[in-house]
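The values are calculated or read from the model by the stated rules, or taken from the named source; none is laboratory data. All values reported here derive from a predicted model rather than from experimental measurement. Here Cβ is always computed from backbone atoms with ideal geometry, including for glycine, and neighbour counts include all displayed protein chains. Just the protein is used for accessible areas: all its heavy atoms, side chains included, with ligands, DNA and RNA removed. Shrake-Rupley method; radii C 1.70, N 1.55, O 1.52, S 1.80 Å.
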Amino acid sequence: MKLKQTINQSIQAAFDKANIDETPMSVSEATKPEFGDYQFNGAMALSKKLEKNPREIAAQLIENIDLSGIISKAEIAGPGFINLWLNPLWIASQCETAVVDTRLNIGTREKPVKVVVDYSGPNMAKQMHVGHLRSTIIGDTLANLLEFLGDEVIRQNHIGDWGTQFGMLIAYLEEIGEDGSGSLKDLEQFYKDAKGHFDADASFADKAREYVVKIQSGDTHCLQLWQKFIDISLGHCEEVYDKLGVKLTREDVRAESFYNDELENVIKDLDKTGVLQESDGAQCVFLEGDEVPVIVQKGDGGYLYATTDLAALRYRAQVLGAKRISYVVDARQGGHFKQVFKVAKEAGFVPEDVKLEHIAFGTMMDKSGKPFKTRDGGTVKLIDLLDEAVLKAKDAIKDKEDYTEAEIHDLAKVIGIGAVKYADLAINRESNYIFNWDKMLSFDGNTSLYMQYAYARIQSIFRRFDGELKGNIIIGDALEHRLAIMLLRFEDILDRAATDASPNQITSYLYDLATLFMRFYEQNPILKEGVDEASKMSRLQLADLTAKTIKQGLAILGIQVVNKL
RNA sequence: GUUCCUAUCGCUUAACUGGAUAAAGCAGUGCCCUCCUAAGGCGUAGCUAGAGGUUCGAGUCCUCUUAGGAAUACCA
């Protein structure tokens with residue numbers, strides 16, 4: 001239910017009736033319960049334009065607000081605020097509609113947008129490390145979210161599978177002469193071994209360099225080895241995706257190498273549009289206002305990542321037909337994307353009406369605020385981090401209840417992985433993220449565990465109830481009123497989170513919802529003695545809708561729930 | 001040097017995009033289990049980096065200052 005839009009329509013109707021020929025600004029949620037449910041602040045904004053004092057305008061509007069439908073009360077306050085109270089009967093009926101609907105009465109886009117979400121993008125020469133975590137988690141959430149809202153989402157995993165280091169790696173793979181699966185278990189080690197060999201043995205180094213040229217010129221044997229290497233490395237990534245519950249598959253992979261054949265054309269076409277300039281032997285595009293050019297071809301004829309990105313942008317806009325292209329990449333590459341986007345538009349690779357956005361996120365830090373590293377300074381492998389999360393989760397729950405081994409095993413996975421994801425998604429994505437095990441696995445505060453607990457607690461109500469849900473939702477007291485409105489806000493929250501690509505708006509909302517429910521539940525007994533049947537049924541339905549909303553919200557974040565915790 | 005980003009309570013974050021007395025959690029600190037999961041709830045204390053400006057109204061917009069961070073020509 002698009003709650004805000006619905007209220008806005010009522011305000012617009014009041015404008016029309018009052019013969020004010022303006023488009024009102026949107027209502028917003030009231031800042032305090034005393035100020036009603038929603039407030040309209042537009043009277044003050046119009047004061048100058050209409051040459052009237054704001055309270056006068058507000059009074060005029062209030063006379064024309066329909067109080068028989070969704071709004072039950074409207075009051076002027078302060079300099080010209082209009083406080084609005086929603087009709088409890090209407091709220092109740094909307095909740096009743098939502099609770100029996102599989103989509104919780106959330107609409108799908110009238111005009112679905114074809115959107116490419118580019119995320120994860122691991123380098124095939126190395127094991128996935130913590131640096132890939134944020135992109136993978138945030139990107140997957142964004143894709144889930146847009147998908148749920150009805151957009152046509154195309155996931156793209158722009159893996160790094162090309163470049164000089166691969167010559168060395170496949171030369172080494174051939175040298176040790178295995179099928180690869182053994183030594184490649186630990187890519188990090190394999191890379192180190194290859195590098196050691198490369199540095200120590202001049203003839204091997206020559207061979208490695210030779211292999212680079214060979215792959216690039218399409219030598220079948222070398223390409224086969226390369227393909228094998230990529231397959232195994234990608235397999236490692238898929239193991240991580242699987243553990244994380246991220247939906248990326250092989251079909252989503254459009255590797256760097258995928259664009260190889262296009263790179264030459266990119267340069268040619270840039271030249272045709274006249275933006276290309278030579279500088280110090282390199283082919284560059286100089287953008288207005290930028291000191292440093294975008295280099296698209298090196299002095300030696302080689303291409304750069306800007307070239308690949310341009311090819312990818314063109315492919316996504318023209319072949320895939322995307323209208324929105326979102327790159328979920330570290331904030332430090334902001335400058336690069338700004339430039340590449342500009343070049344792509346200027347050169348006509350991407351039509352003007354296509355929205356290009358860099359979904360930037362901050363760096364992952366350790367507890368002391370330094371970049372996240374292992375004790376000896378190495379990068380933390382993602383797979384190890386996830387395994388540790390599950391172990392820690394196991395530790396956290398093992399004393400709480402009597403669980404069987406199997407139950408602990410399953411619970412720990414859901415809790416541990418959920419904790420890692422939720423903690424990442426719950427903060428403003430643009431700020432640096434301080435990784436803290438104790439915090440993310442805490443039962444208190446805005447954590448996945450609290451959300452999962454809230455959900456499980458509601459499920460436990462239904463285990464005790466064991467009957468048939470019937471009857472109406474009755475908004476009895478202030479907490480029921482607030483809870484019901486909170487539930488109806490879900491779609492507004494999702495819409496905004498989608499526009500801003502900010503998952504933390506979803507986590508904040510879910511947390512507020514869960515907290516509000518706990519308060520409601522504390523004050524309004526459901527299954528206790530003495531609760532009349534009508535209240536019981538009403539409260540059960542609100543509980544049900546709360547649980548369903550939490551479940552759906554977490555599902556978008558890629559986090560599972562459990563029935564019992 | 002230049003450009004960009006950030007600055008909200010001891011810590012991590014909100015503030016519906018310019019609206020009323022800035023809101024949560026953690027960490028403090030009280031209180032509530034004969035009571036539907038105390039893995040919960042209720043209290044309590046504490047904040048917009050500084051100076052100007054725009055506006056009826058500024059954490060939010062503009063200018064300067066300060067402090068952090070990042071990017072900065074052939075790596076991705």
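Here are the numbers for the structure shown:
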quantity	calculated
Residues within the stretch A:118-129 that are open to solvent by less than 10 Å² (accessible area, probe 1.4 Å) and either more than 26 Å from residue A:350 (Cβ to Cβ) or touching a Lys or Arg at 6+ places or on another chain (Cβ under 6 Å) (or both), tallied	3
Pairs with Cβ under 9 Å, 6+ apart, first in the stretch A:426-453 and of a type in the set (Phe, Trp, Tyr) and modelled with pLDDT of 90 or more, second open to solvent by 30 Å² or more (accessible area, probe 1.4 Å) and not in a loop (DSSP other than H, G, I, E, B)	A:450/A:511; A:450/A:515
From A:486, A:451, residue being under 21 Å from the mean Cα position of the chain (by Cα), closer than 30 Å to residue A:39 by Cα and more than 8 Å from RNA strand B (Cβ to nearest atom)	A:451
Helices (runs of 4 or more DSSP H) wholly inside the stretch A:32-135 that include at least 1 residues being within 11 Å of RNA strand B (Cβ to nearest atom) and touching a Leu at 6+ places or on another chain (Cβ under 9 Å)	A:42-50, A:54-64
Residue match in the stretch A:132-141 (condition: touching a strand residue (DSSP E or B) at 6+ places or on another chain (Cβ under 7 Å), at pLDDT below 95 and open to solvent by 30 Å² or more (accessible area, probe 1.4 Å))	no
Residue in the stretch A:274-281 that is open to solvent by less than 30 Å² (accessible area, probe 1.4 Å), within 11 Å of RNA strand B (Cβ to nearest atom) and in a loop (DSSP other than H, G, I, E, B) present	no
Which listed residue is more than 30 Å from residue A:383 (Cα to Cα), more than 34 Å from the chain's Cα centre (by Cα) and among the hydroxyl-bearing types (Ser, Thr, Tyr), from A:68, A:26, A:93	A:68
Residue count for the stretch A:283-338, restricted to those that are among the aromatic types (Phe, Trp, Tyr) and open to solvent by less than 50 Å² (accessible area, probe 1.4 Å)	3
Matching residues, the stretch A:299-321, being on the phi < 0 side of the Ramachandran plot and modelled with pLDDT under 95	A:299, A:300, A:302, A:303, A:304, A:305
Hey, residue A:244 surrounded by 19 or more Cβ atoms within 10 Å (Cβ to Cβ), of a type in the set (A, V, I, L, M, F, W, C) and closer than 21 Å to residue A:153 by Cβ or not	yes
Residue match in the stretch A:10-25 (condition: in contact (Cβ under 8 Å) with a residue 60 or more places away in the chain, away from RNA strand B (no atom under 11 Å from the Cβ) and small (Gly, Ala, Ser))	yes
Tally, over the stretch A:471-503, of residues that are open to solvent by 40 Å² or more (accessible area, probe 1.4 Å), in a loop (DSSP other than H, G, I, E, B) and not small (Gly, Ala, Ser)	4
Meets criteria (part of a loop (DSSP other than H, G, I, E, B) and within 14 Å of RNA strand B (Cβ to nearest atom)) for residue A:506	no
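Matching residues to (1) open to solvent by less than 10 Å² (accessible area, probe 1.4 Å); (2) of a type in the set (A, V, I, L, M); (3) not assigned by TED's automatic domain parsing to the domain that holds residue A:176:
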position	(1), (2), (3)
A:196	no, no, no
A:202	no, yes, no
A:205	yes, yes, no
A:220	no, no, no
A:232	no, yes, no
A:237	yes, no, no
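Residue by residue, here is whether (1) closer than 30 Å to residue A:313 by Cβ; (2) among the aliphatic types (A, V, I, L, M) holds:
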{"position": "A:326", "(1), (2)": "yes, no"}
{"position": "A:329", "(1), (2)": "yes, yes"}
{"position": "A:347", "(1), (2)": "yes, yes"}
{"position": "A:362", "(1), (2)": "yes, no"}
{"position": "A:368", "(1), (2)": "no, no"}
{"position": "A:373", "(1), (2)": "no, no"}
{"position": "A:384", "(1), (2)": "no, no"}
{"position": "A:402", "(1), (2)": "no, no"}
